[in-house]
Amino acid sequence: MTTVELPSDPAEAPPQVDNLDALESEAIHIFREVAGEFDRPVILFSGGKDSTVLVHLALKAFWPAPVPFPLLHVDTGHNFPEVLAFRDELAERHDLRLVVASVQDYIDDGRLQERPDGTRNPLQTTPLLDGISENRFDAVFGGGRRDEERARAKERIFSLRNAFGQWDPRRQRPELWNLYNGKHRPGEHVRVFPLSNWTELDIWRYIQREKIELPEIYYAHRREVYLRDGMWLTSGPWGGPREGEVPASKMVRYRTVGDGSCTGAVESEAYTVDDVIAEVAASRLTERGATRADDRLSEAAMEDRKREGYF
């Protein structure tokens, strides 16, 4: 019988791998795997915390060389000005090419029509798929995480999309031992999710550790908001408040950013990263469940959009 001797000196014990180090290592491995397997990858970038962490990881993965693929932003025309300014500044700072697909352009020329509720998030699918097709992107990085929503929890890290950009859960491929299958037919592409195994708390702890800058609306600030369906919304080019919705000045922050017509703020006194971490650790709702009205349309709202080509 073979015996294994444990080191008597704690200093000789193998170092413990930190959870954030393990998640970072996995994400960097995924970025490098995609760079080796695909011809024209792109990072879907909204200016939000998850896509900003994606860019940070990509910079680490290829340093000191530049990131070998561009950013793609689907601009609804209802984005928060602070987020757009942050998006442009980050792309310029790191000399990244930014491709913008504009929902407003599609509305102006009649390819899309405004929804009665004014929400443009569901309208992003067509500009996204056209942007992927026109630029011949064959791998599209997204910041989706499995803890956000049940449809995203179903998805693999390498997620195949057919020639129409649609997702079929029955075509999921096994991903054993961190082996990823990027094979696809002409016209198909693969969505790639390096943050799949991260949680919202992991994201914020990583932001803290790496000192990653974010748009200021992620931290507590005073804003005029109004209450609709249990969420604090702010007025903007998307309209509001409606009759009976009374504006109020509140200390709020955003847990996620997106279309201003359906992205709510939460009352908060979290002015710093440390404050946000404490707040997120105590929360029992994911950021999408707490602040995204478009995910409340039905239990299968996200999965329906994913089947059509949305992230």
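The values are calculated or read from the model by the stated rules, or taken from the named source; none is laboratory data. From a predicted model like this one, the values you see are computed outputs, not experimental measurements. Glycine also receives a Cβ, built like all others from the backbone with ideal geometry; neighbour counts cover every protein chain displayed. The area values use the complete protein model at the heavy-atom level, side chains included, leaving out ligands, DNA and RNA. Shrake-Rupley method; radii C 1.70, N 1.55, O 1.52, S 1.80 Å.
Among the residues examined, residue 95 does not qualify as at negative phi and either assigned by the TED database to the domain that holds residue 257 or open to solvent by 10 Å² or more (accessible area, probe 1.4 Å) (or both).
Evaluating residue 166 against the criteria (1) assigned to a loop (DSSP other than H, G, I, E, B); (2) open to solvent by less than 40 Å² (accessible area, probe 1.4 Å) leaves one unmet condition, (2).
To keep it simple, each residue is scored yes or no on (1) in contact with a Lys or Arg (Cβ under 7 Å, 6 or more places away or on another chain); (2) crowded, with 20+ Cβ neighbours inside 10 Å.
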site: 170; (1), (2): no, no
site: 173; (1), (2): yes, no
site: 183; (1), (2): no, no
site: 187; (1), (2): no, no
site: 204; (1), (2): no, yes
site: 225; (1), (2): yes, yes
site: 243; (1), (2): no, no
site: 246; (1), (2): no, no
site: 251; (1), (2): yes, no
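Here is a yes/no grid of residues against (1) open to solvent by 50 Å² or more (accessible area, probe 1.4 Å); (2) part of a loop (DSSP other than H, G, I, E, B); (3) not charged (D, E, K, R):
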{"position": "28", "(1), (2), (3)": "no, no, yes"}
{"position": "66", "(1), (2), (3)": "yes, yes, yes"}
{"position": "74", "(1), (2), (3)": "no, no, yes"}
{"position": "87", "(1), (2), (3)": "no, no, no"}
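Looking only at residues in segment 134-162 that are assigned to a helix (DSSP H, G or I) and free of Cβ contacts under 8 Å to residues at least 40 places away in the same chain, the one that is surrounded by the most Cβ atoms within 10 Å (Cβ to Cβ) is 153.
The C-beta contact set for segment 196-207 (first residue closer than 14 Å to residue 255 by Cα, second residue acidic (Asp, Glu) and part of a loop (DSSP other than H, G, I, E, B), distance under 7 angstrom, 6+ apart or interchain) comprises 199/147; 200/147.
Could you please find all residues in segment 92-108 being free of Cβ contacts under 8 Å to residues at least 24 places away in the same chain and under 14 Å from residue 45 (Cβ atoms)?
Here is the first cut: in segment 92-108, the ones free of Cβ contacts under 8 Å to residues at least 24 places away in the same chain are 92-93, 105-106, 108.
Of everything in segment 92-108, those that are free of Cβ contacts under 8 Å to residues at least 24 places away in the same chain and under 14 Å from residue 45 (Cβ atoms) turn out to be 92, 93.
Do you know which of the residues in segment 150-168 that are over 22 Å from residue 126 (Cα atoms) and in contact with a Lys or Arg (Cβ under 8 Å, 6 or more places away or on another chain) is modelled with the lowest pLDDT? Within segment 150-168, the match that is modelled with the lowest pLDDT is 153.
Let's see how each residue does on (1) among the charged types (D, E, K, R); (2) outside the structural domain of residue 103 (by the TED database); (3) without any contact (Cβ under 8 Å) to a residue 40 or more places away in the chain:
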{"position": "237", "(1), (2), (3)": "no, yes, no"}
{"position": "246", "(1), (2), (3)": "no, yes, yes"}
{"position": "250", "(1), (2), (3)": "yes, yes, yes"}
{"position": "255", "(1), (2), (3)": "yes, yes, no"}
{"position": "264", "(1), (2), (3)": "no, yes, yes"}
{"position": "268", "(1), (2), (3)": "no, yes, no"}
{"position": "274", "(1), (2), (3)": "yes, yes, no"}
{"position": "277", "(1), (2), (3)": "no, yes, no"}
{"position": "281", "(1), (2), (3)": "no, yes, no"}
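Could you go through segment 30-42 and let me know if any residue there is assigned to a helix (DSSP H, G or I), open to solvent by less than 30 Å² (accessible area, probe 1.4 Å), touching a Pro at 6+ places or on another chain (Cβ under 9 Å) and among the aliphatic types (A, V, I, L, M). Yes, some residue in segment 30-42 is assigned to a helix (DSSP H, G or I), open to solvent by less than 30 Å² (accessible area, probe 1.4 Å), touching a Pro at 6+ places or on another chain (Cβ under 9 Å) and among the aliphatic types (A, V, I, L, M). Of the residues making up segment 107-122, those that are open to solvent by 20 Å² or more (accessible area, probe 1.4 Å) and over 17 Å from the mean Cα position of the chain (by Cα) are 107, 108, 109, 110, 111, 112, 113, 114, 115, 116, 117.
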